[in-house]
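To keep things clear, I will list the structure first and then write my remarks on it.
The values are calculated or read from the model by the stated rules, or taken from the named source; none is laboratory data. Remember, predicted model here, so these are calculated numbers, not experimental data. Ideal geometry is used to build each Cβ from the backbone, glycine not excepted, and the neighbour counts take in all protein chains shown. When the accessible area is computed, the model is the full protein with side chains, heavy atoms only, and any ligands, DNA or RNA have been set aside. Shrake-Rupley method; radii C 1.70, N 1.55, O 1.52, S 1.80 Å.
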Amino acid sequence: MADNNNFKQLLFQELQEMPEAPGQVENGVDGSIGFISHIGKFIELYIPKFIDAITAFLGSNDRN
Amino acid sequence: MSLFRFIQFFLERLQLSRIETMTDNQIVAEYRETFDPLLYKVIYKRYSGKVYHKCVAMLKNTDEAMDATQDIFIKLYTKIADFEERAKLSTWIYRVTYNYCIDLLRKRKKEDKLFSSETEIPDDIEDEIEDREILEIEVKKLKVVLDKIPEGDKAVLMMKYQDDMSIKEIAEILNKTESSIKMKLKRARHKTQRVYKETFKDLYT
């Protein structure tokens, strides 16, 4: 198959007119990724402490 | 701009220019270790345009294409750690893109068939249309023709000729057998040629 056929040229021309997705898309992606990573950090930070608290509440002495 | 912000901005630019020289798979490998958001930003810069234009081509609506591109990049972010490095990142991204758009089109069409049905087979289906005949269509005319054929046929042609996917890869994406994909490609080529001749019939009279 040709390395640079008409289907690829079509995409190339479209990319020349607009090389990246519109700015709103990047803002939306950044916002969502920021939210997801904050949730991840929250879970990473507080879930072990929460489990420790539950364990302590149930009467275990194990505090490793 | 405070000195601290200036230094932060300078270091970020430095880091970005280093990442921009890396290959896709190197970026993914480093991302797995560091989860540095700048690495994902470079992946976004490299592929957002291609994904967006594919979404526009498939969905034929720029607003829907913008939403789809955003959803696709969020989906990719949550799955990038599972990406198998022996595959090509671009193929993986396009696979997610096509799957997303096809799902959306299936929901939109509901009972309608996304891919051309048996009744739409032209009489001369037995005649094989060479790749060359499709690939020789002028780019501007190709765009017109692609906008007139069913989205499913367009998707198969784009996967084959724009993204160089193998029959096996297309079959995996569409969850079909390889022989049915060969038939779909054959139908899509026939349809493309028929629409081309109908649309630009002045050239043939």
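From the list A:Glu20, A:Glu44, A:Glu26, the lone residue that is exposed (fewer than 11 other Cβ atoms within 10 Å of the Cβ), among the acidic types (Asp, Glu) and free of Cβ contacts under 8 Å to residues at least 12 places away in the same chain is A:Glu44. There is at least one residue in the range B:2-19 that is within 20 Å of A:Val29 (Cβ to Cβ), polar (S, T, N, Q) and out of contact with any His (no Cβ under 6 Å at 6 or more places or on another chain).
Screening the range B:128-205 for helices (runs of 4 or more DSSP H) wholly inside it with 1 or more residues that are away from chain A (no Cβ under 14 Å) and over 20 Å from B:Leu59 (Cα atoms) returns the ranges B:167-174, B:178-199. In the range B:166-205, of all residues being among the β-branched types (Val, Ile, Thr) and over 17 Å from the mean Cα position of the chain (by Cα), the one that is nearest to B:Glu133 (Cα to Cα) corresponds to B:Thr192. Residue count for the range B:32-80 under the criterion of being of a type in the set (Ser, Thr, Tyr), within 11 Å of chain A (Cβ to nearest Cβ) and open to solvent by 70 Å² or more (accessible area, probe 1.4 Å): the result is 2. So which of B:Ala87, B:Ala29 is assigned to a loop (DSSP other than H, G, I, E, B), open to solvent by less than 50 Å² (accessible area, probe 1.4 Å) and either β-branched (Val, Ile, Thr) or over 27 Å from B:Asp147 (Cα atoms) (or both)? Of B:Ala87, B:Ala29, the one residue that is assigned to a loop (DSSP other than H, G, I, E, B), open to solvent by less than 50 Å² (accessible area, probe 1.4 Å) and either β-branched (Val, Ile, Thr) or over 27 Å from B:Asp147 (Cα atoms) (or both) is B:Ala87.
Could you please let me know if A:Gln13 is under 30 Å from B:Leu157 (Cα atoms), open to solvent by 70 Å² or more (accessible area, probe 1.4 Å) and either at pLDDT below 85 or under 25 Å from the mean Cα position of the chain (by Cα) (or both)? No; evaluated as a whole, the condition is false for this residue. Residues in the range B:137-159 that are in contact (Cβ under 8 Å) with a residue 12 or more places away in the chain, under 24 Å from B:Ile173 (Cα atoms) and open to solvent by 10 Å² or more (accessible area, probe 1.4 Å): B:Asp147, B:Lys148, B:Pro150, B:Glu151. Anything in the range B:49-72 that is modelled with pLDDT under 95, polar (S, T, N, Q) and part of a helix (DSSP H, G or I)? List them, or say none. Result: B:Thr62, single match. Among all residues of the range B:163-185, there is at least one that is in contact (Cβ under 8 Å) with a residue 12 or more places away in the chain and within 17 Å of A:Phe12 (Cβ to Cβ).
Of all residues in the range A:14-41, those satisfying the criterion of being hydrophobic (A, V, I, L, M, F, W, C) and within 9 Å of chain B (Cβ to nearest Cβ) are A:Leu15, A:Met18, A:Ala21, A:Val25, A:Val29, A:Ile33, A:Ile36. Scan the range B:186-205 residue by residue and report those that are closer than 23 Å to A:Leu11 by Cα and of a type in the set (Phe, Trp, Tyr). If the condition is that a residue be closer than 23 Å to A:Leu11 by Cα and of a type in the set (Phe, Trp, Tyr), then B:Tyr196, B:Phe200 are the ones that fit.
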